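Notes follow the structure.
The values are calculated or read from the model by the stated rules, or taken from the named source; none is laboratory data. Fair warning: this is a prediction, and the values are worked out from it, not measured in the lab. Don't worry about glycine lacking a Cβ; one is built from the backbone with ideal geometry, like all the others, and counts go over all protein chains shown. The accessibility values were calculated without ligands, DNA or RNA, using every heavy atom of the protein model including side chains. Shrake-Rupley method; radii C 1.70, N 1.55, O 1.52, S 1.80 Å.
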Amino acid sequence: MSTTPATATHPETIQTDVLIVGAGPVGLFAAFQAGVLGLKCELIDVLDRAGGQCTELYPEKPIYDIPAVPGCLAQDLVDRLLEQCAPFAFPMHFSQRADGLGETANADGHPRMLVTTDAGKRFDVAAVLICAGAGAFAPQRVALPEAAALEDRHLHYAVRDVSRFAGKRVIVAGGGDSALDWALALRKVAARVTLLHRRDGFRAADHSVASMRAAVEAGEMDFVIGMLGSLQTDDSGALTGAGIKTRDGEQTLPADELIALYGLVSEPGPIAQWDMDMRAGRILVDTTTYESSRRGIFAAGDIAFYPNKQKLILSGFHEAALALRKAYHYAFPEKALVHVHTSNNAALKEKLTHA
Ligand SMILES: Cc1cc2nc3c(=O)[nH]c(=O)nc-3n(C[C@H](O)[C@H](O)[C@H](O)COP(=O)(O)OP(=O)(O)OC[C@H]3O[C@@H](n4cnc5c(N)ncnc54)[C@H](O)[C@@H]3O)c2cc1C
């Protein structure tokens, strides 16, 4: 890989200490941590807004396992993280995918990296923190020819607004946590909810499965074992029902809305070509620093891989906090990072208190 004086040849290159790739919950907390440590950073995300999986997949699902937050909706968590890092006013660049990586050096000869995005932005940085989650992801779509015309009208791959389903007959298809959680939540507003899954076993938390079975037993919702075979519409193109293939043949389920929660199709994208050790599309990190096998590139959150890694938001917060402490040494090779609590740093305290 060539070493070039990036900013000399490209005056528009953005110079900062750390580039955070991914503005999901972990990337947002990383931005706050960077500010606390005295690092400058910029964030990029391939989506057009912050929040990652929380915003895209389950904005109205409650989260109960964030320390000191007994319960909040996923979108509320994202809003609080945005509020928390707002005092530092770090720029966020949306609709940009991290694509290219090159090596460069500053005037003192310290190594730096040059990251380019598919929208043509260039970042000259001391370190990169990859918080890319499941990668650039998209929902696994319903593979029926009539599905495309119904998308965003009566066929949904995420629930963004619960009230949209009030009084409707809703089929929730899938057997994971989101399918069960949404079927349970929507039974309180919909006219009728049917959970549709190809078998009587689930990839979901035991308590969700138990709650679903209890709700079916109590007559509050239905559960059908089968697979989508066809989608039926009226003359206006509105969904009226779905043909379901079951072990006993085909049956029709009347429905106004179909929510297909089959999970994500994700690809690490160009990051996978950045010459780091990867494990099944995730970045292998050293758990003392969360640095990848490539100097100056760190990973935190769902994209990071190490033995016993838990894909939880709180794990990502910890990983990002440690990664940035090592990144500090790359940004300021001559300075020691002195540990100070935020409340003991007068300037920081002032900034955070008056935000
Ligand atoms: C239904 C469901 C319920 C869940 N419930 C909980 C829960 O209750 N508690 C909990 O702790 N966890 C829960 N999780 C897991 C939690 O959502 C993840 O652990 C968390 O979102 C990981 O955060 P992240 O920031 O690492 O990644 P993500 O949230 O996936 O964000 C990654 C971001 O990076 C962007 N990106 C990817 N590649 C690029 C690229 N090349 N360039 C630019 N941007 C890129 C993506 O667009 C995305 O916005 C749940 C997950 C699901 C699916």
Between GLU250 and ALA149, what is the label-to-label distance in nm when each label sits 7 Å out along the Cα-to-Cβ direction?
-> 1.7
Placed amide H near THR252: partners under 5 Å, 5+ positions off or other chain = ILE244
GNM flexibility winner over the chain from GLY52, GLY35, GLY243 (Cα, springs under 10 Å) = GLY243
What are the lysines whose alpha-carbon lies under 26 Å from the alpha-carbon of LYS168, with same-chain residues fewer than 8 places away excluded?
-> LYS61, LYS188, LYS245
Given region 141-262, what percent of its DSSP beta bridges are antiparallel, to the nearest 5?
-> 40
For the chain, with only Lys/Arg (+1) and Asp/Glu (-1) charged at the beta-carbon, what is the dipole magnitude about the Cα centre, in debye rounded to 20?
-> 500
By the gyration tensor of its Cα atoms, with a ≥ b ≥ c the square roots of the eigenvalues, what is the shape of the chain: rounded for a/c under 1.5, prolate for a/b over b/c, or oblate?
-> prolate
Listed residues ALA179, ALA272, ALA134, most fluctuating in the chain (Gaussian network, C-alpha, under 10 Å) = ALA272
Give me the percent of DSSP beta bridges within the chain that run antiparallel, rounded to the nearest 5.
-> 50
Helix 177-186 versus the longest principal axis of the chain: what angle, 0 to 90°, nearest 10, using Cα atoms?
-> 60
Sorted by accessible area with a 1.4 angstrom probe, largest first, how do ASP286, ASP99, ASP152 fall?
-> ASP152, ASP286, ASP99
Using alpha-carbon coordinates, inclination of helix 25-37 to the longest axis of the chain, degrees | 20
Once both axes come from the Cα atoms, what is the angle between helix 206-217 and the longest principal axis of the chain, in degrees from 0 to 90, rounded to 10?
-> 20
Sequence order, region 272-282: Karplus ³J(HN,Hα) from phi using 6.51 cos²θ - 1.76 cosθ + 1.60, θ = phi - 60°, Hz rounded, Gly and Pro as x, gives 5, 9, 8, 6, 10, 5, 10, 10, 6, x, 10
Accessible area in the full protein assembly, largest first, 1.4 Å probe, for ARG122, ARG279 | ARG279, ARG122
Using θ = phi - 60° and the Karplus relation 6.51 cos²θ - 1.76 cosθ + 1.60, list the HN-Hα couplings for region 67-82 in order, rounded to whole Hz, with x at every Gly or Pro.
-> x, 6, 10, x, x, 7, 6, 4, 5, 5, 4, 4, 4, 5, 5, 5
Specify the inter-centroid distance of region 287-355 and region 30-105, based on alpha-carbon positions, in whole Å.
-> 14
Rounded to the nearest 5, what is the percent of antiparallel bridges among the DSSP beta bridges in region 1-147?
-> 50
What helix-only [θ] at 222 nm does the chain give? Using -39500 (n - 2.57) per DSSP H run of at least 4, over all residues, to the nearest 500, the answer is -7000 deg cm²/dmol
Once the other residues with Cβ under 14 Å from the Cβ of ARG203 are scored (Lys, Arg +1; Asp, Glu -1), what is the net sum?
-> -1
For LEU322, the net charge from surrounding residues (Cβ-Cβ under 13 Å; K, R +1; D, E -1) works out to -1
Between region 110-178 and region 187-230, the alpha-carbon center distance in angstrom | 24
